[in-house]
Amino acid sequence: MKTNEVPQDKEDYKGKSEVRKLMYATKEDGTYTQMNSEGWEVENLATKQAWESVLEDLQETEQQVKQGLLSPIPYFMQKSLMELPVLAKYMGKWQWQIKKHFKPEVFKKLDQKILEQYSKVFEVSVSELTNFGK
Amino acid sequence: MSTQFTHRQHAHCESGVTANLLQHNGIQISEPMAFGIGAGIFFGHLPFMKVSGIPGTTFRIWPGYIFKRVTQRLGIKIHTQKFSNEAKAQQVLDEALGQGIPVGMIAGVYYLDYLPEAFRFHFNAHNLVVYGKEDGKYLVSDPVLEGNSVISPESLTKARFAKGFPEPKGKMYYIKEVPDTIDFTKGIQDGIKQTCFFMSSPPLPWFGVNAIHTLANKIEKYPKQLTPRQCTLYLGNIIRMQEEIGTGGGGFRFLYAAFLQEAANLLGKNELGILSERYTAIGDQWRHFAYSAARLCKARTSDLVSYTDLSKLLHDIGDKEKAFFKDLKKVKW
């Protein structure tokens, strides 16, 4: 990549434009130099696409919570960009235990201690957690 | 308490931290040199190792390898430590800072709130340097950023003890002692030999140049085996691993070519300079591959012919990398 080929495709998406990455490019005489890049449309597309996919899934999950098909747990899990195995690790529980808490009827019966633990992991308040979707 | 620490921006976190820490200890080493001696360049594709349902692709050697190999090869003594207790981890960090030692550490980017949201997902192998503490906040030199940053002790602890695969477990590292003289020659030689081994020799289809062909074969089948949405996410992930995470461009290929050029000048070995040019051209091919993949993602259609074309692009890259490392291995020392 030559220095005049280093892309400067600024994309103000989720603060992406705040970081001007360092790239390695060649000057006219072929020697390598460092150069900042404001972004590349190719990479901007991939990043945006990945985030939009998360948001799509999140909206779907939100609907299911509102319909009483899921508890708020999977919603906040997805909002925190976590997968089930990662959440299980944070909670110090087995995956099957966390999965049980996805059921609204099980979630209703969770004690304060577990709710506080989930809230801490999701970085929300207990009331935000329990009231979501109502 | 804070140490006079010169923050320099680099392309990649681990090679950047390595260069910055060594420079702090009086060793004039660039990021490309650190990357090359540390045998950082690699390729791996693991179809069965899925994160968010997407198979793993990597363009560099596993985390921690670069710093370890560079310090080892240059005779630099280091201290590394992991913790099971968060309070102890902070205490030991504070003690080191109190002695004026800048500390490298592994952290999960999700909790590094000085980074913009776009980069904060559950990636737990990021490297940064903490060089001081002021007004209750830690002073951070994160090599992917242009300037310095600050972070609260609470956020730093969360980042140091992020859970997932892998887990930092509070890992920190710093330089204890450097030798009076440093000779890069042997380090360069060993780093290149190691890289040639990693790229050419593993008989497994998931590592080295073989893995490039493995991925190319998989890509050709994507429209037949995956939904259109999955196709674009799978391709998008490859693009992100190649360009977004801080590789200097072309999946670290330009960074490695810069290393070869610097080594050529340092050692007076013209053949390394020629190999550098070849690898730059390969890096350009990777960039073209990413560009073509993005076009497919944008189209959002599973165009069988286009996926075959994309696959062919990647197979050609695989052939070029194979020939390249064969020739790099032949360099006489």
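The values are calculated or read from the model by the stated rules, or taken from the named source; none is laboratory data. Note that the coordinates shown come from a computational prediction; the quantities given were computed from them, not determined experimentally. In this analysis, Cβ positions are derived from the backbone assuming ideal geometry, glycine residues included, and neighbour counts consider all displayed protein chains.
Residues in region A:1-40 that are at the interface with another protein chain (Cβ under 7 Å from one of its Cβ atoms), within 29 Å of the chain's Cα centre (by Cα) and of a type in the set (A, V, I, L, M, F, W, C): A:Val19, A:Leu22, A:Met23, A:Trp40.
Out of everything in region B:219-234 that is at the interface with chain A (Cβ under 9 Å from one of its Cβ atoms) and surrounded by fewer than 24 Cβ atoms within 10 Å (Cβ to Cβ), what residue ends up being nearest to B:Leu115 (Cα to Cα)? It comes out as B:Leu233.
If you filter region A:88-132 down to residues that are more than 21 Å from B:Phe161 (Cα to Cα) and in contact with a Phe, Trp or Tyr (Cβ under 7 Å, 6 or more places away or on another chain), you find that the one that is surrounded by the fewest Cβ atoms within 10 Å (Cβ to Cβ) is A:Phe132.
The criterion of at least 1 residues that are over 23 Å from B:Gly251 (Cα atoms) and small (Gly, Ala, Ser) is met, among helices (runs of 4 or more DSSP H) falling completely within region A:1-108, by A:41-66, A:84-91.
Considering B:Pro166, B:Pro143, which residue is under 19 Å from B:Trp62 (Cα atoms) and in contact with a helix residue (DSSP H, G or I) (Cβ under 8 Å, 6 or more places away or on another chain)?
One residue alone meets the criteria, B:Pro143.
Only residues that are more than 20 Å from the chain's Cα centre (by Cα) and under 21 Å from B:Gly108 (Cα atoms): list them for region A:74-128, please. Spell out the reasoning first.
The first filter runs over region A:74-128 and keeps only residues more than 20 Å from the chain's Cα centre (by Cα), leaving A:92-94, A:96-97, A:100-101, A:103-116, A:126-127.
Of everything in region A:74-128, those that are more than 20 Å from the chain's Cα centre (by Cα) and under 21 Å from B:Gly108 (Cα atoms) turn out to be A:Gly92, A:Lys93.
Of the set (1) within 14 Å of chain A (Cβ to nearest Cβ); (2) surrounded by fewer than 21 Cβ atoms within 10 Å (Cβ to Cβ), all apply to B:Ser200 but (1).
Does region B:1-42 hold any residues that are part of a helix (DSSP H, G or I) and either touching a Ser or Thr at 6+ places or on another chain (Cβ under 6 Å) or within 23 Å of B:Leu112 (Cα to Cα) (or both), and which are they?
To start, the set of residues in region B:1-42 that are part of a helix (DSSP H, G or I) comprises B:13-24, B:31-37.
Once the filter is applied, which keeps residues that are part of a helix (DSSP H, G or I) and either touching a Ser or Thr at 6+ places or on another chain (Cβ under 6 Å) or within 23 Å of B:Leu112 (Cα to Cα) (or both), region B:1-42 yields B:Cys13, B:Glu14, B:Ser15, B:Gly16, B:Val17, B:Thr18, B:Ala19, B:Asn20, B:Leu21, B:Glu31, B:Ala34, B:Phe35.
One residue alone among B:Gly251, B:Gly246 is modelled with pLDDT under 95, within 20 Å of the chain's Cα centre (by Cα) and not in a helix (DSSP H, G or I), and that residue is B:Gly246.
Does A:Glu43 satisfy the condition of being more than 10 Å from every other protein chain (Cβ to nearest Cβ) and either under 26 Å from B:Asp113 (Cα atoms) or surrounded by 15 or more Cβ atoms within 10 Å (Cβ to Cβ) (or both)? Criteria not met by A:Glu43. So in region B:43-100, with the set limited to residues that are part of a helix (DSSP H, G or I) and among the small types (Gly, Ala, Ser), which one is surrounded by the most Cβ atoms within 10 Å (Cβ to Cβ)? That would be B:Ala89. For region B:151-193, the set of residues classified as more than 21 Å from the chain's Cα centre (by Cα), assigned to a helix (DSSP H, G or I) and under 20 Å from B:Ala125 (Cα atoms) consists of B:Pro153, B:Glu154, B:Ser155, B:Leu156, B:Thr157, B:Lys158, listed by residue number. On the basis of being surrounded by fewer than 20 Cβ atoms within 10 Å (Cβ to Cβ) and more than 12 Å from every other protein chain (Cβ to nearest Cβ), does B:His315 make the cut? Yes: the conditions hold for B:His315.
Of all residues in region B:105-114, those satisfying the criterion of being out of contact with any Ser or Thr (no Cβ under 8 Å at 6 or more places or on another chain) and either part of a loop (DSSP other than H, G, I, E, B) or away from chain A (no Cβ under 14 Å) (or both) are B:Met105, B:Ile106, B:Ala107, B:Gly108.
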